[in-house]
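The values are calculated or read from the model by the stated rules, or taken from the named source; none is laboratory data. These numbers come from a predicted model, not from an experiment. When we count neighbours, we look across all protein chains shown, and the Cβ atoms used for this are built from the backbone with ideal geometry, even at glycine.
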Amino acid sequence: MSLEIVRGIKNFCNRKDPVVATIGTFDGVHLGHQAILKRVAAEALTGNMQPVAITFEPHPRVLVTPDSPPLLLTCLNEKIRLFSQFFDGTLLILKFDKNLMNLTAEQFAEKYLVEKINLGRLIVGYDHAFGKDRSGTINDLMGLSRKHNFELEIVDPVIVDGRPISSTRVRRLLVEHKLSQALDLLGHPYPLSGKVVKGIMLGKKIGFPTANIEYSRRKLLPRDGVYSCHVEFGSQRRDGMLFIGHNNFNPEGDKSVEVNIFDFDRDIYGEELFCYPEVFIRENKKYKETSQLVEQLKHDKKRVLMLKK
């Protein structure tokens, strides 16, 4: 697929082709989001329109509910990477600031969807809300579509186990330590990403070198522990095992996300790495001696390799 990234409405203006668009936060790019993106792509082909997905950075609730913003399923770089897999079109990223936050539903629709882009069709999910305090409803969109002469399509929810998929539901599953169920709703591996930075170098000393990921503190991490995983960096994909938690040999350190990449010994400091936890192996343990940790890691690696056969 081919994805164009456009940051800011000014960089998108003055395009003459009619647009079929969707709009949302798309945190997680889960199966419900993917169903909407598929409809946008299909309508772009049949209607000879330009497919556009409009999203926001930062997450709107960072400003709307600053005391309780949600931890993210996907940071922006992870969201972009997922869109490149599931969407062939333009991802328009709008800066969510106080000016945008305070626009009414009608002001937002007119300023961004009508005046700035040549909107021919808008496709949104069944529970879409927009504008100041999320006051704009589906009924409001219907009225705006008639007023401004664009088509409106409402996509039904994707139902799993009798309930709609939502970002909130995926977050809850991760918090409840139900990674496999969360992955089922996402429809893709769960990304943990960041630049590789130096740690205390203990892994290298004991024969299990790890790449320490400088992850975003706004990222929702799976439960602490050891996981089987795979990693992607550059054009490479490798298997490995992942550690999330506090290293008891570095008691002053923050929670770390580090991965032992199998059959790999190249220096990748400073490179962006995407790690995808797969199966939970065990909870974290404390060891008095590094020799005990080595024996545990050998056992962990054997188990991971068995899972990957």
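Of 4, 78, which residue is under 28 Å from residue 175 (Cα atoms), at pLDDT 95 or above and charged (D, E, K, R)? Break it down into steps so the answer makes sense when it comes.
Working: 4 fails: under 28 Å from residue 175 (Cα atoms).
Matching residue, one of 4, 78: 78.
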Tally of residues being farther than 24 Å from residue 47 by Cβ and either modelled with pLDDT of 95 or more or among the β-branched types (Val, Ile, Thr) (or both) across the stretch 9-30 = 4
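How about the stretch 207-227: which of its residues are under 20 Å from residue 292 (Cα atoms) and within 20 Å of the chain's Cα centre (by Cα)? Explain how you work it out, then say what you get.
Step one: list which residues in the stretch 207-227 are under 20 Å from residue 292 (Cα atoms), which gives 207-210, 224-227.
224, 227, listed by residue number.
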query = On the given criteria, is residue 93 exposed (fewer than 14 other Cβ atoms within 10 Å of the Cβ), out of contact with any helix residue (DSSP H, G or I) (no Cβ under 6 Å at 6 or more places or on another chain) and either among the hydrophobic types (A, V, I, L, M, F, W, C) or outside the structural domain of residue 22 (by TED's automatic domain parsing) (or both)?
reply = no
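Filtering the stretch 110-132 down to residues that are free of Cβ contacts under 8 Å to residues at least 12 places away in the same chain and out of contact with any strand residue (DSSP E or B) (no Cβ under 7 Å at 6 or more places or on another chain), which residue is farthest from residue 61 (Cα to Cα)? Even if it seems obvious, please write down each step before you answer.
Of the stretch 110-132, the ones free of Cβ contacts under 8 Å to residues at least 12 places away in the same chain are 111, 115, 129.
Imposing the further condition that a residue be out of contact with any strand residue (DSSP E or B) (no Cβ under 7 Å at 6 or more places or on another chain) reduces the set to 111, 115.
Numbers: 111: 21, 115: 26 Å.
Once the filter is applied, the top-ranked residue is 115.
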remark   = Residue hits (the stretch 48-66; within 13 Å of residue 123 (Cα to Cα) and surrounded by fewer than 16 Cβ atoms within 10 Å (Cβ to Cβ)) are none
message = Show the residue pairs meeting these rules: Cβ distance below 8 Å; 6+ apart or different chains; first residue within the stretch 72-88 and in the same structural domain as residue 217 (by TED's automatic domain parsing); second residue of a type outside the set (S, T, N, Q) and part of a loop (DSSP other than H, G, I, E, B).
response = none
Single unsatisfied condition, residue 38 versus (1) part of a helix (DSSP H, G or I); (2) crowded, with 16+ Cβ neighbours inside 10 Å; (3) out of contact with any Leu (no Cβ under 8 Å at 6 or more places or on another chain) = (2)
ask   = When you look at residue 106, is it in contact (Cβ under 8 Å) with a residue 60 or more places away in the chain and either assigned to a strand (DSSP E or B) or over 22 Å from residue 171 (Cβ atoms) (or both), yes or no?
value = no
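Out of 21, 53, I need the residue that is without any contact (Cβ under 8 Å) to a residue 60 or more places away in the chain and small (Gly, Ala, Ser). Which one? Even if it seems obvious, please write down each step before you answer.
Values: 21 fails: without any contact (Cβ under 8 Å) to a residue 60 or more places away in the chain.
Answer to the selection: 53.
Across the stretch 240-267, what is the number of residues that are surrounded by fewer than 19 Cβ atoms within 10 Å (Cβ to Cβ) and part of a strand (DSSP E or B)?
Summing the residues that are surrounded by fewer than 19 Cβ atoms within 10 Å (Cβ to Cβ) and part of a strand (DSSP E or B) in the stretch 240-267 gives 1.
Would you pick out the residues in the stretch 109-120 that are outside any helix (DSSP H, G or I) and closer than 20 Å to residue 26 by Cβ?
Step one: list which residues in the stretch 109-120 are outside any helix (DSSP H, G or I), which gives 115-120.
Once the filter is applied, which keeps residues that are outside any helix (DSSP H, G or I) and closer than 20 Å to residue 26 by Cβ, the stretch 109-120 yields 116, 117, 119.
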query = Here is a list of conditions, (1) at pLDDT 95 or above; (2) surrounded by fewer than 14 Cβ atoms within 10 Å (Cβ to Cβ); (3) touching a Gly at 6+ places or on another chain (Cβ under 7 Å), and residue 231 meets all of them except one; can you say which number that is?
reply = (2)
task = Would you please list the contacts, defined by Cβ atoms under 8 Å and residues six or more apart or on different chains, that run from a residue in the stretch 3-15 that is under 17 Å from residue 111 (Cα atoms) and in the same structural domain as residue 95 (by TED's automatic domain parsing) to a residue that is hydroxyl-bearing (Ser, Thr, Tyr) and in a helix (DSSP H, G or I)?
result = 9/112
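With a cut-off of at least 1 residues that are more than 19 Å from the chain's Cα centre (by Cα) and not polar (S, T, N, Q), name the helices (runs of 4 or more DSSP H) lying wholly within the stretch 121-205.
Working: elements: 138-148, 167-175, 179-186, 202-205.
Fully inside the stretch 121-205 and qualifying: 138-148, 202-205.
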request  = Inspect the stretch 56-64 for any residue being over 21 Å from residue 151 (Cα atoms), within 20 Å of the chain's Cα centre (by Cα) and assigned to a strand (DSSP E or B) and give the result as yes or no.
outcome  = yes
ask   = Within the stretch 8-23, can you find the residues that are surrounded by 14 or more Cβ atoms within 10 Å (Cβ to Cβ) and either more than 16 Å from the chain's Cα centre (by Cα) or within 21 Å of residue 160 (Cα to Cα) (or both)?
value = 9, 12, 15, 18, 19, 20, 21, 22
